[in-house]
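Here the structure is laid out as structure tokens; the discussion comes afterwards.
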Amino acid sequence: MNEKVSIDGLRDAVMKGLQEYADLAADDMKDAVRDTAKSVRKDIQANAPVRTGKYKKSWSVKTVSESADSIDMVVHSRNRYQIAHLLEHGHAKRGGGRVAARPHIAPAEQAGNEKLVREIESKLKG
């Protein structure tokens, strides 16, 4: 890192260093997002209500879009998405009354948000 730079080349040298840092930071953030998405999926599966096991197994992670400096991922139920909302928030019964809510998505989402912030901070600190 002991490069000698003339005054005229200082701007280019600083920009090169900043670009290298930005590339490393983007890679670290993408890795943190991937790890966190997998962790959220595992948390949802661990806390999902089990009747037959199909709902629990239906959760997956999908990359929506990825560019050089960003990544968007979604954790979703592949074929049981209709029941996710009903289980999370409860619902009315056919003959009257209500089925109790069984929150398992919201706690995993909140834990994932906290984990993502911690991982990004730790990776950027070095």
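Cβ-Cβ distances below 6 Å connect the following pairs, each with a first residue in segment 66-95 that is more than 17 Å from A48 (Cα to Cα), a second residue that is among the hydroxyl-bearing types (S, T, Y), and a separation of six or more residues or different chains: D72/S65; M73/T63. The residues of segment 97-117 that are free of Cβ contacts under 8 Å to residues at least 24 places away in the same chain and either assigned to a helix (DSSP H, G or I) or acidic (D, E) (or both), listed by number, are A106, Q110, N113, E114, V117.
Yes or no: N2 outside any helix (DSSP H, G or I) and either over 30 Å from A101 (Cα atoms) or touching a Gly at 6+ places or on another chain (Cβ under 7 Å) (or both)? So N2 passes the test. For segment 80-96, the criterion of being surrounded by fewer than 11 Cβ atoms within 10 Å (Cβ to Cβ), polar (S, T, N, Q), under 20 Å from the mean Cα position of the chain (by Cα) and not in a loop (DSSP other than H, G, I, E, B) is met by none of the residues. Looking at Y21, Y55, just one residue is in a helix (DSSP H, G or I), aromatic (F, W, Y) and under 30 Å from E3 (Cβ atoms), and that residue is Y21.
Bear in mind these aren't lab numbers, they're just calculated from the coordinates by the rules spelled out. Being a predicted model, the structure only gives us computed values, none of them experimental. Using ideal geometry, Cβ is built from the backbone for each residue, glycine included, and neighbour counts are taken over all protein chains shown.
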